[in-house]
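Asks: Structure provided below as structure tokens; questions to follow.
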Amino acid sequence: MAFTLKALRVNAGMDQKQAAELLGITPETLGRWESAKTFPDAKQISKIEELYKVPYAEINFLLKDIG
């Protein structure tokens, strides 16, 4: 099962500002990732995995949840 970035953030009980701060980015950058307008680089993906405690293989960087 794969989860979108937004679903992971919401399930973690965070708003964009909180998650962005923990990832060391702006809320605007996180918003662009969540809407698939831009994508994080490898270093940022590693931070996302740590924050949400989800391996890369379970993160869907596109908009639609798949399962």
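The values are calculated or read from the model by the stated rules, or taken from the named source; none is laboratory data. Nothing here was measured: the structure is a model prediction, and the numbers come from that model. Every residue, glycine among them, receives a Cβ derived from its backbone with ideal geometry; neighbour counts consider all protein chains shown.
Asks: Taking Ala2 as the residue in question, decide whether it is in contact (Cβ under 8 Å) with a residue 40 or more places away in the chain and touching an Asp or Glu at 6+ places or on another chain (Cβ under 8 Å).
Replies: Answer is yes for this residue.
Okay, residues lined up against (1) β-branched (Val, Ile, Thr); (2) part of a loop (DSSP other than H, G, I, E, B); (3) surrounded by 15 or more Cβ atoms within 10 Å (Cβ to Cβ); (4) in contact with a Leu (Cβ under 7 Å, 6 or more places away or on another chain):
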{"site": "Arg9", "(1), (2), (3), (4)": "no, no, yes, no"}
{"site": "Gly13", "(1), (2), (3), (4)": "no, yes, no, no"}
{"site": "Ala19", "(1), (2), (3), (4)": "no, no, yes, yes"}
{"site": "Ile25", "(1), (2), (3), (4)": "yes, yes, yes, no"}
{"site": "Lys37", "(1), (2), (3), (4)": "no, yes, no, no"}
{"site": "Lys43", "(1), (2), (3), (4)": "no, no, no, no"}
{"site": "Glu50", "(1), (2), (3), (4)": "no, no, no, no"}
{"site": "Val54", "(1), (2), (3), (4)": "yes, yes, yes, yes"}
{"site": "Ala57", "(1), (2), (3), (4)": "no, no, no, no"}
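Asks: Now a separate question. Given the conditions (1) modelled with pLDDT of 95 or more; (2) out of contact with any Phe, Trp or Tyr (no Cβ under 8 Å at 6 or more places or on another chain), which single one is not true for Ser35?
Replies: (1)
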